[in-house]
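The values are calculated or read from the model by the stated rules, or taken from the named source; none is laboratory data. Here the structure is a predicted model, which means the values were calculated and not measured. Cβ atoms come from the backbone with ideal geometry, glycine included; neighbour counts cover every protein chain shown.
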Amino acid sequence: MEGIPVIAALSGGVLIGLAATVLLLLDGRIAGISGILGGAYGGQRGDRAWRVAFLAGLASGGWLALIAGLGETAERSGYPLGLLVAAGLLVGFGSRLGSGCTSGHGVCGIARLSPRSMAATLVFTLAGMIVVAGLRLALDLL
């Protein structure tokens, strides 16, 4: 079973790239999840169906992989609810502030050689590394 996580990760990456490519080629749209989610709730009425379908496919893909035995779950505990809520809100705020998320900038933007997306991806990757290192240091000191 050691090869399964590698296969699952590789398969997931291929499927993300394929979905982004298909959406761009068939509809001329960028597969940025924060934009798709935002449009599903606040977009034009006729524009919501494909967004909801895309999000449903995204969620069901992970669920199907788990059922097929290609995914693993490790129950996580011990994280304060307030910290999780704050983290989620900060990610959402950052997505809005950066006009996109990891899928829009990191997957689609870099593939299109967008300098703005390359800069955004560098900034949020570095910020994530700094936050993780800081939290681990803080937890070690407690």
ask   = How many of the residues making up the range 87-142 are over 13 Å from the mean Cα position of the chain (by Cα) and at positive phi?
value = 2
message = If I go through the range 102-142 residue by residue, how many of them are among the β-branched types (V, I, T) and surrounded by fewer than 19 Cβ atoms within 10 Å (Cβ to Cβ)?
response = 6
task = Just give me the residues in the range 86-142 being modelled with pLDDT of 85 or more, in a loop (DSSP other than H, G, I, E, B), under 19 Å from S34 (Cβ atoms) and of a type outside the set (G, A, S), in sequence order.
result = R112
request  = State yes or no: is A20 under 17 Å from G104 (Cβ atoms), modelled with pLDDT of 85 or more and surrounded by 12 or more Cβ atoms within 10 Å (Cβ to Cβ)?
outcome  = yes
query = Of the residues that make up the range 9-16, is at least one over 19 Å from V91 (Cβ atoms), in contact with a Lys or Arg (Cβ under 9 Å, 6 or more places away or on another chain), aliphatic (A, V, I, L, M) and in a helix (DSSP H, G or I)?
reply = no
ask   = So L37 clears everything in (1) assigned by TED's automatic domain parsing to the domain that holds L139; (2) surrounded by 12 or more Cβ atoms within 10 Å (Cβ to Cβ) except one condition, right? Which one?
value = (1)
